[in-house]
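Notes for the one structure printed next.
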Amino acid sequence: MNHLQWMKDRFPGVGSGEDPADWDALEAESGISFPEDYKALHDHFGPFALDDGFAVLGPAAIVRVRAGDREDLGRATGGKDGFFSGSGIGSTRLEVEGEFVYFDDLLRFGTTDVAYSLYWHTSSDDPHEWGIVVGDTSSWYVFDMGITAFLVSLLLRNLSCPPLVQDGWPDEDTELSPLR
């Protein structure tokens, strides 16, 4: 499935109205190599919200919040370095077996109105390999997929992530609107 095309078909007529970003300049200046699917998503929609409760940030905002996020996570979790993820679910309060995900390897790209943030798990040098992490200070959900596959799974309600997919949201009336 072409996830970007699915998003364009799901939200026809919605676009950023801006020229595509100068990704070479943004990446050189920020030191971040953004995933290709994010670049394509951003070039079409720009930064956006789904029903005002779920936002995907633009690259400038991602760069701006990067340093503070790591400090905030460490402070909010009592100085922990990360969390263990077993079967795609993790907790900073439990010492469980599984992959240890370091907060230093997380790069926030989105927010929600239920106090969860959306991150890329940047432990690989290849942005194409970055998975998605949804979490707050204690509960974490790990997904081995890119941003457009994640968004399509979310919108189709094929995602097991109780903080996001619950109480009838998202549904067929979910709207995408540009962030300004």
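Taken together, ASP51, ASP81, ASP72 contain a single residue that is over 17 Å from LEU118 (Cα atoms) and of a type outside the set (A, V, I, L, M), which is ASP81. At least 1 residues being open to solvent by less than 60 Å² (accessible area, probe 1.4 Å) and of a type in the set (Ser, Thr, Tyr) is the threshold, and among the helices (runs of 4 or more DSSP H) wholly inside region 1-116 those reaching it are 23-30, 36-45. Annotation note: Cβ proximity below 9 Å between a residue of region 157-180 that is within 20 Å of GLY58 (Cα to Cα) and a residue that is loosely packed, with under 14 Cβ neighbours inside 10 Å and among the small types (Gly, Ala, Ser) (sequence gap 6+ or interchain) occurs for PRO178/GLY17. Of the listed requirements (1) within 24 Å of LEU179 (Cα to Cα); (2) at pLDDT below 90, ARG93 misses just one: (1). Contact annotation: residue pairs with Cβ atoms under 8 Å, 6 or more positions apart or on different chains, pairing a residue in region 19-43 that is without any contact (Cβ under 8 Å) to a residue 40 or more places away in the chain with a partner that is of a type in the set (Asp, Glu), are PRO20/ASP43; ALA21/ASP43. Examine region 131-150 for a residue that is in contact with a His (Cβ under 8 Å, 6 or more places away or on another chain) and part of a loop (DSSP other than H, G, I, E, B), and state whether such a residue exists. Checked against the condition, which is being in contact with a His (Cβ under 8 Å, 6 or more places away or on another chain) and part of a loop (DSSP other than H, G, I, E, B), region 131-150 yields at least one hit.
The values are calculated or read from the model by the stated rules, or taken from the named source; none is laboratory data. Keep in mind the model is a prediction, meaning the values are calculated, not measured. Virtual Cβ from ideal backbone geometry, glycine too; neighbours counted across all protein chains shown. These accessible areas exclude ligands, DNA and RNA; they are computed on the full protein's heavy atoms, side chains included. Shrake-Rupley method; radii C 1.70, N 1.55, O 1.52, S 1.80 Å.
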